[in-house]
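In what follows, a single structure is set out as structure tokens and then discussed.
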Amino acid sequence: MHPKQEELEQRLDNMCVELDNYLEDQYADIFALHPNRPKRGFGANPSYDGVFATSISFTLGYGSKYGRGYLVVIDVRTLQFVSSVQREEINNRAFVFIQKSLPLYFPERKLEIVRDGNLLKIIGDFSLGDV
């Protein structure tokens, strides 16, 4: 992988870790931790512990009106029922969080967060410049 691509994805991952921490702060007392997961702060990565597992995944976007981009995946790791209302609230908070974070993590790029169906997707300028 090209070093500029690695840097782009590392910044996306760092933002994702911050999102994971934000969601844990908001909801950790609401949802019971899955019995197979360590408590927050005890995993090798924030996605491996606590109630939330957040990640970023590239998609070519076939069939999407937005095309290619990075999907924001938010899994709630609990055996508790998560209602559609709670799920929508989590997605709304994540959307606002990412909307505010993108200019901080990528001030030199024009990136935005959109809703692509029921998914959150980061779209925009992913060019690597001169490689």
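Per the listing 102, 60, 79, 128, the residue uniquely within 24 Å of residue 2 (Cα to Cα), over 12 Å from the mean Cα position of the chain (by Cα), at pLDDT 90 or above and not acidic (Asp, Glu) is 60. When every residue of segment 28-43 is checked against the conditions, none turns out to be within 13 Å of the chain's Cα centre (by Cα) and more than 27 Å from residue 129 (Cα to Cα). Anything in segment 24-43 that is touching a Ser or Thr at 6+ places or on another chain (Cβ under 7 Å) and either free of Cβ contacts under 8 Å to residues at least 40 places away in the same chain or of a type in the set (A, V, I, L, M, F, W, C) (or both)? List them, or say none. Residues satisfying the conditions are 31, 32, 33.
The values are calculated or read from the model by the stated rules, or taken from the named source; none is laboratory data. Just so it is clear, the model here is predicted, and its values are computed rather than measured. Glycine gets a Cβ as well: all are built from the backbone with ideal geometry, and neighbour counts include every protein chain shown.
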